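What follows is a short report on a single structure.
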Amino acid sequence: LESNLCRLDSQRASSPRIIIHVDVDAFFAAVEEREHPTFKGKPVVVGADPKGGSGRGVVSTCNYEARKFGIYSGMPILIAWAHCKDAIFLPVNYPLYREVSFKIMKILKGHADKFQKTSIDEAFLDVSERVINYFKAEQLARRIKREIKRAEELTCSIGIAPNKLVAKIASDFQKPNGLTIVEQNNITQFLSPLQVDKIWGIGQKTKAKLKPMGIETIGELASYDSTKLKKKFGTLGFAFHQMAQGIDHSEVVEKRIPKSFSHEQTFDTNVSDAKLIQMKVDKLLEEVIKDVERHEFTFKTLTLKVRYDNFETHTHSTTLPFPAIKPKTFKEIAHKLLFPSLQSGKAIRLVGIKA
Ligand code: TTP
Ligand code: MG
């Protein structure tokens, strides 16, 4: 694998690319601010109603004013409320955000040779054919910012680099309303001081494993012995090492193939009734399977997520040796995964299913 990748390196070195990554700032919250000019300058949290202390659900996002209070995406809404009771709390208005997203993506697509939307507010643009150098790429990025501002009254942050990995890290580097350009000869200098979890696939767990190895920054990861990394993390270890050098050959592809489908739901009140929980799991499973089938996929791994009333969250998975085909099998697996949680007798707050 290593020698193959090295060969790929030298093959592709001859055709440098210019990749732009665009990420809208505080997307849902920014749309809400635009819709309600009186919110300007105030902390805005989108997710759920804290109901004066009895609300449920999590923060989808919040504006930068609210972030000053320590509020962030995924935080339970009541914790956010405890951080800032005066913030404006709003429910999630997906239809509106989807519409805005569609219009932004249309603008972006018009400026790309190859275009890849990666989330509701993020996309990669390969502009290698249409701009000849980074100076021209910067001009294009500024134009994109102006167009999004004019059309949707929103700001975004942009990263420009020779590959997707570095472009994405760059767009996050000076948020909000940032523009960060990292040319090939600056990649090492740019990446070295950053924390390892900026690398794709390195989350809190891997970060914790790397720390005792003396690896906290991307620079430290890049200079670590790749054989040892491979030993510890398998092929992933080698991939981490490559990415830490700023190497990424992945193409900007029009349509990303989803790797998983999932649905989850927070109960209105915590539930310990086994029957009710099972029914909810069955319902979520049905929705997930519908998604899988609609996309003409199959799956081998089914994961159940359970969050108890004390917010302790567990996931349990089963991987079949072959893709599952019978709905009855899925149900059996889901019930088996759920069984220990039901046995525990603990009240459950949220359940989720992923295929
Ligand atoms: P992000 O781009 O991750 O966040 P953001 O646009 O709100 O803020 P930033 O300025 O840091 O880019 O996600 C885009 C939208 O996706 C976000 O506005 C709300 C939604 N979202 C969730 O619903 N839950 C989540 O956990 C995250 C991270 C995002
Ligand atoms: Mg964003």
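The values are calculated or read from the model by the stated rules, or taken from the named source; none is laboratory data. Keep in mind the model is a prediction, meaning the values are calculated, not measured. When we count neighbours, we look across all protein chains shown, and the Cβ atoms used for this are built from the backbone with ideal geometry, even at glycine. Quick note on the areas: whole protein, heavy atoms, side chains included, nothing else; ligands and nucleic acids left out. Shrake-Rupley method; radii C 1.70, N 1.55, O 1.52, S 1.80 Å.
Hey, can you rank 29-41, 266-278, 153-165 by average C-beta count inside 10 Å, highest first?
Values: 29-41: 16.2, 266-278: 14.0, 153-165: 23.1.
Ranking the peptides 29-41, 266-278, 153-165 by packing returns 153-165, 29-41, 266-278.
Which FRET efficiency value, to the nearest 0.05, is calculated for SER344 and ASP268 with the Förster distance at 22 angstrom and r the Cβ-Cβ distance?
The value I calculate is 0.55.
For q = 0.10, 0.19, 0.20 Å⁻¹, what log10 I(q)/I(0) does region 37-186 give under the Debye formula with an equal point scatterer on each alpha carbon and no solvent?
Here log10 of I(q) over I(0) equals -0.43, -1.14, -1.20.
Given a 1.4 angstrom probe, I'd like the percentage of the accessible area of the chain that is carbon and sulfur, rounded to a whole number.
Values: 10140 of 19170 Å².
Here carbon and sulfur together make up 53 percent of the probe-accessible area.
Just the ratio, please: alpha-carbon radius of gyration of region 10-70 over 2.2 N^0.38 Å, N its number of residues. It would help to have the intermediate numbers written out before the result.
Values: Rg = 18.5 Å, N = 61, 2.2 N^0.38 = 10.5 Å.
With N residues counted in region 10-70, Rg over 2.2 N^0.38 Å equals 1.77.
For the chain, with the dipole built from +1 on Lys and Arg beta-carbon atoms and -1 on Asp and Glu ones, taken about the Cα centre, which of SER128, ALA208, GLN245 lies farthest toward the positive end?
Projecting each Cα onto the dipole axis, the largest value belongs to ALA208.
Treating each Cα of the chain as an identical point scatterer and ignoring solvent, apply the Debye formula and state log10 I(q)/I(0) at q = 0.11, 0.12 Å⁻¹.
Here log10 of I(q) over I(0) equals -0.96, -1.13.
Return the subset of LYS275/LYS336; LYS117/LYS300; LYS145/LYS168; LYS300/LYS336; LYS42/LYS109 for which the Cα-Cα distance in this structure is over 21 Å, preserving the input order.
Those over the limit are LYS117/LYS300; LYS42/LYS109.
Determine the principal axes of the Cα atoms in region 202-351, then give the extent along each, sorted from largest to smallest and rounded to whole angstroms.
Sorted from largest, the Cα extents of region 202-351 read 54, 37, 28 Å.
Going through the cross-link list LYS68/LYS149; LYS231/LYS354; LYS209/LYS346; LYS106/LYS255, which pairs have a Cα-Cα distance over 26 Å in this structure?
On the way: LYS68/LYS149 24 Å; LYS231/LYS354 29 Å; LYS209/LYS346 31 Å; LYS106/LYS255 15 Å.
Pairs exceeding 26 Å: LYS231/LYS354; LYS209/LYS346.
Could you state the accessible area per residue of region 220-322 in Å², with a 1.4 Å probe and every protein chain left in place? Walk me through the numbers on the way to the answer.
Details: 6440 Å² over 103 residues.
Dividing the accessible area of region 220-322 by its residue count gives 62 Å².
Multiply the residue gap between ASP282 and LYS331 by 0.36 nm, knock off their C-alpha separation, and tell me the result in nm, one decimal place. Write down the numbers at each step before the final one.
On the way: separation 49, 0.36 × 49 = 17.64 nm, distance 0.69 nm.
Roughly 16.9 nm would be gained on extension.
Suppose the chain between ASP172 and LYS290 were pulled fully straight at 0.36 nm per residue; how much longer would it get relative to their current alpha carbon spacing?
Values: separation 118, 0.36 × 118 = 42.48 nm, distance 3.45 nm.
Answer, rounded to one decimal: 39.0 nm.
In whole Hz and in residue order, list the ³J(HN,Hα) couplings for region 329-345 that follow from phi through the Karplus curve 6.51 cos²θ - 1.76 cosθ + 1.60, θ = phi - 60°; x for Gly and Pro.
Ordered by residue, 3J(HN,Hα) equals 4, 4, 4, 4, 4, 4, 5, 5, 5, 7, 3, x, 5, 5, 4, 5, x Hz.
If the cut-off is 19 Å between C-alpha atoms, which aspartates and glutamates fall inside it for LYS326, apart from same-chain ones fewer than 8 positions away?
ASP282, GLU286, GLU287, ASP291, GLU293, GLU296
Just grab the label-to-label distance for THR313 and THR301, each label 7 Å out from Cα along the Cβ direction, in nm (one decimal).
Between THR313 and THR301, the label points sit 1.7 nm apart.
Report the antiparallel proportion of the DSSP beta bridges in the chain as a percent, rounded to a multiple of 5.
Working: 39 of 46 bridges.
Roughly 85 percent of the DSSP beta bridges within the chain come out antiparallel.
For a protection proxy built on the mean count of beta-carbon atoms within 10 angstrom, sort 320-329, 334-343 highest first, please.
334-343, 320-329
At 222 nm, what helix-only mean residue ellipticity would the chain give, in deg cm²/dmol to the nearest 500, using -39500 (n - 2.57) for each DSSP H run of four or more? Before the final figure, lay out each step's value.
Working: 14 runs with 148 residues, N = 355.
My calculation for the chain gives -12500 deg cm²/dmol from helical runs alone.
Roll a 1.4 Å probe over the protein chains and send me the accessible area per residue for region 68-181 in Å². Before the final figure, lay out each step's value.
Numbers: 5630 Å² over 114 residues.
About 49 Å² of surface per residue is accessible.
Distance in nm between label sites at LYS68 and MET213, each 7 Å beyond Cα in the beta-carbon direction?
Taking the two extended label points, one gets 4.0 nm.
Using amide H atoms built in the peptide plane, which far-off residues or other-chain residues are under 5 Å from THR118 H to H?
The list, which skips near neighbours in sequence, is ALA123, PHE124.
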